[in-house]
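Structure, as structure tokens:
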Amino acid sequence: MPTRLETRTKKELLELCVSRKIKVGSNSSKEDIIAKLRRTKTPSRDIVVYGIDGCPYCEKTKRLLKGIKHTYVNYNTLSQKDKERLRGKTNGYSKVPQVFVDNKFVGGSESISTAILGKNKR
């Protein structure tokens, strides 16, 4: 059974390295990148944000994560292929941002605010 790292693309792994300030060469193999990630201390929670440039809710989510000094990986999801792939992971949720914590979909901007800050906004 493949691990979470093994299911990611090489591009996603490289972006994860950048977000964690892990130096790897862009010509490194996927296996070498995975090995380096496993040898390096990881943050307590793996957060991935899928959004689009210019989206105020996406920016709010990124500001929140930066404000608590938590590293995260951000993907711009402009292609239809990305949107369809994500829709399968989110039970049809199609708004942005789409936030995953430890590879589990938690929702959008308000959901992550509630999860992190414990605030119940309406």
In nm, what is the difference between 0.36 nm times the number of residues separating VAL106 and ASP53 and their Cα-Cα distance?
17.0 nm
If I take the Cα coordinates of region 47-117 and project them onto the principal axes, what are the three extents in Å, biggest first?
32, 24, 18
How much of the DSSP bridge set in the chain is antiparallel, in percent, rounded to the nearest 5?
65
Between GLU31 and SER94, with labels modelled 7 Å along Cα→Cβ, what's the label distance in nm to one decimal, could you check?
4.1
Compactness of the chain, expressed as Rg and Dmax over alpha-carbon positions, Å
14.7, 47
Among 103-115, 56-68, the order from most to least packed when residues are scored by Cβ within 10 Å on average
103-115, 56-68
If the reach is capped at under 21 angstrom between alpha carbons, list the lysines near LYS21, excluding any in the same chain fewer than eight residues apart.
LYS10, LYS11, LYS30, LYS36, LYS41, LYS62, LYS66, LYS69
Ordered by fewest other Cβ atoms within 10 Å, a rough proxy for footprinting exposure, ARG8, ARG39, ARG20 read ARG39, ARG20, ARG8
For the chain, the dipole about the Cα centre with charges only on Cβ (Lys and Arg +1, Asp and Glu -1), to the nearest 20 debye, works out at 320
Using helices alone, I'd like the mean residue ellipticity at 222 nm for the chain: each DSSP H run of four-plus residues gives -39500 (n - 2.57), total over residue count, nearest 500.
-12500 deg cm²/dmol
Restricting to aspartates and glutamates and to Cα separations under 16 Å from LYS81, and discarding same-chain partners fewer than 8 apart, the set is GLU12
In terms of Cα to Cα distance under 16 Å, which aspartates and glutamates are near enough to LYS60, apart from those fewer than 8 places away along the same chain?
GLU110
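Rule-based calculations on the coordinates, nothing more; no lab input. The structure displayed is predicted, hence computed values, not measured ones. Neighbour counts run over all protein chains shown; Cβ positions are idealised from the backbone, glycine included.
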